[in-house]
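Worksheet for the structure shown next.
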Amino acid sequence: MAQTNYNPFHAAQLQFDNAAEMLDLDQATRDLLRNPIREFHFHIPVRMDDGEVKIFQGYRVQHNDARGPAKGGLRFHPQETIDTVRALSMWMTWKTAVADLPLGGGKGGVVCDPHNLSATEQERICRGWVRQVYKNIGPNTDIPAPDVMTNSQHMLWMLDEYEVLAGARYPGAITGKPVGMGGSLGRTEATGYGVIITVREALKELDISPESTTASIQGFGNVSQYAIELYQQMGGKVVCVSAWDQQDQTSYAFKKDDGIDLYELRAITNSFGGIDKEKAAELGYSVLPGDKWLEQEVDILIPAALENQITEENVSSISSKVKILAEGANGPTTPAASKIIDEKGIFTIPDFLANAGGVVCSYFEQVQSNMNYFWEKEEVLSKLDTKMTSSYIAVSNFALENDMPMRDAAYAISVDRVAQACHDRGWV
Ligand code: GLU
């Protein structure tokens, strides 16, 4: 489905240039913000379980830290490139700014496929990654978190390596840690729940009751599973999800017209969000080509997998029934496809607003770690709701006042906040 010649960093720069034009930014601010402020490229030697040493390419990119320490996840992916990490780090800057957190934006990556790595090999990659960037990350510098194919166990290995090198405990150096080891209750749910909090607000704005709606979702990983949970609690019905199949190296869509059963599907899903297609068929799901998730006659589409999934090539297959596109993934829609979606009259909740719940909860985790007092889950989730709702309303008000799409409004607010911080610090 993905366009092969597509470069997400060029897309991120194009989106930024558009915002810079809207805000009439001076040249120096544009030059500063359209590129990352700092990048680290390195190679991680890892002793594999068979005794051989393999070298893995690793990255950390800090796009901007004017509003606070850089913040963002670490991805494990076989197709990771420096330009995907650059794009994702820039989107993190706008994400922390739109949620008005005292943080900047960064992202990391390791070119690897954890499907083919043992737990101990993954642990050595995590520790090796930290050894390479140790001097350039930390609670007041740059704080990694989980992302695609990394989880709380990876975060704990990374924190442990960091603390061994530092010779002291620094729980605020990494977020997304396991609960009981400095992690926050609600962090696992936060990104998916956050997506649905913004969907709830959009439905209110469009005067549609959640109980009357259906949705189709791309991906069945962490973001998707918790988005489904909250959406179903709100009364919505998910009729289709897609998932990557490692064995066939392609994705499949799993469809049930009377609604998928989250818990039944979860029971036949691996830790990477891959659904067992034979078992799904036995449970009565239609197993279709992966692209079919986009073609469903539903009210809400939620891409919750990777960047570059809705493109000029496949955007025309979106049904005229669709009213809302809620971007759970980072950068799922190319700028050209996004324009067509706006013209079709579909209401987009842009990625760095829709999926900000994860980093909002990471911020709460740091706050709790710093005071060494941990909140009950209800308190975390209610604070998450307050933050996501106020961020949504600020963007929506700006969009209505200026008669522009939500993505443009989100960019205008975030880029303005970051540019202002750079000016106030006397950088530009
Ligand atoms: N990886 C998540 C994201 O893309 C969370 C980042 C964080 O918590 O720092 O927003």
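Nothing in this text is a laboratory measurement; each read-out follows from the coordinates by a stated rule. A quick note: this is a predicted structure, and the numbers were derived from the prediction, not measured. Quick reminder, even Gly has a Cβ in these numbers, built from the backbone with ideal geometry, and neighbours come from all protein chains shown.
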**OP:** Considering only the stretch 177-196, state which residues are surrounded by fewer than 22 Cβ atoms within 10 Å (Cβ to Cβ), away from the ligand (no atom under 13 Å from the Cβ) and under 20 Å from GLN233 (Cβ atoms).
**Re:** LEU185
Subject >> Residues (assigned to a loop (DSSP other than H, G, I, E, B) and touching a His at 6+ places or on another chain (Cβ under 8 Å)) located in the stretch 127-150 >> reply: VAL148, MET149
Original post:
Just checking, which of SER338, SER396 is polar (S, T, N, Q) and within 17 Å of ALA97 (Cβ to Cβ)?
Top reply: SER396
Original post:
Within the set of pairs 6 or more residues apart or between chains, which connect a residue that is within 21 Å of THR175 (Cβ to Cβ) and in a helix (DSSP H, G or I) inside the stretch 188-200 to a residue that is among the polar types (S, T, N, Q) and within 13 Å of the ligand (Cβ to nearest atom) with Cβ atoms less than 7 Å apart?
Top reply: THR188/ASN222; THR191/ASN222; THR191/ASN355; GLY192/ASN222; GLY194/ASN355; VAL195/ASN355
**OP:** State all residues of the stretch 218-230 that are in contact with a Leu (Cβ under 8 Å, 6 or more places away or on another chain), buried (at least 23 other Cβ atoms within 10 Å of the Cβ) and not in a loop (DSSP other than H, G, I, E, B); if no residue qualifies, say none.
**Re:** GLN218, ILE228
Original post:
Taking GLY192 and the conditions (1) in contact with a Phe, Trp or Tyr (Cβ under 8 Å, 6 or more places away or on another chain); (2) farther than 28 Å from ALA399 by Cα, which numbered condition does it fall short on, given that it satisfies the others?
Top reply: (2)
Original post:
Looking at the stretch 99-112, which of its residues are within 12 Å of the ligand (Cβ to nearest atom) and either buried (at least 24 other Cβ atoms within 10 Å of the Cβ) or not aliphatic (A, V, I, L, M) (or both)?
Top reply: LEU103, GLY104, GLY105, GLY106, LYS107, GLY108, GLY109
Original post:
How many residues, within the stretch 219-242, are within 16 Å of the ligand (Cβ to nearest atom) and either over 17 Å from TYR392 (Cα atoms) or among the basic types (Lys, Arg) (or both)?
Top reply: 7
Subject >> Extreme residue, farthest from LYS135 (Cα to Cα), among residues of the stretch 150-203 that are among the hydroxyl-bearing types (Ser, Thr, Tyr) and more than 19 Å from the chain's Cα centre (by Cα) >> reply: TYR170
**OP:** Please enumerate the residues belonging to the stretch 78-126 that are closer than 15 Å to VAL46 by Cα, assigned to a helix (DSSP H, G or I) and among the hydroxyl-bearing types (Ser, Thr, Tyr).
**Re:** THR120
**OP:** Determine if the stretch 47-65 includes at least one residue that is surrounded by fewer than 23 Cβ atoms within 10 Å (Cβ to Cβ) and under 24 Å from ILE349 (Cα atoms).
**Re:** no
Original post:
Tell me, which residue of the stretch 12-50 that is out of contact with any strand residue (DSSP E or B) (no Cβ under 7 Å at 6 or more places or on another chain) and among the acidic types (Asp, Glu) is farthest from HIS423 (Cα to Cα)?
Top reply: ASP50
**OP:** Quick one: which residue in GLY68, GLY72 is crowded, with 24+ Cβ neighbours inside 10 Å and within 16 Å of the ligand (Cβ to nearest atom)?
**Re:** GLY72
Subject >> Restricting the stretch 151-176 to residues that are outside any helix (DSSP H, G or I) and surrounded by fewer than 24 Cβ atoms within 10 Å (Cβ to Cβ), the residue that is farthest from the ligand (Cβ to nearest atom) >> reply: GLY167
